[in-house]
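Here the structure comes first, spelled out in C-alpha cells, and everything after it is commentary.
Just so it is clear, none of the values below were taken in a lab; they were calculated from the coordinates. Just so you know, these numbers come straight off a predicted model, no measurement behind them. Because the Cβ atoms are built from the backbone with ideal geometry, glycine has one as well, and the counts that use them run over all protein chains shown.
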C-alpha cells in the first residue's frame, strides 16, 4: 500500500491553472469605501470596513 498522498483531480487542475490576476483595491475603489459587483445577474456589495478589512455581501 502506498502511503504517499496523491493530489485529487481538482488539486491537480489548480496546479496547472495560470495564476489569478492581482488587482490593487485602490484601483477598484478609488476614493470610495464601497463598490457594487454584478455577477451572473446578482449584485454584491464589497466594502472596506473602518479597520481596513474587506466585506462582501449579497
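Tabulated values for the structure
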| read-out | value |
| --- | --- |
| Theoretical gain in end-to-end length, residue 16 to residue 35 [0.36 nm per residue, Cα-Cα removed] | 3.7 nm |
| Spin-label model distance (nm) - residue 25 vs residue 50, 7 Å beyond Cα toward Cβ | 1.6 |
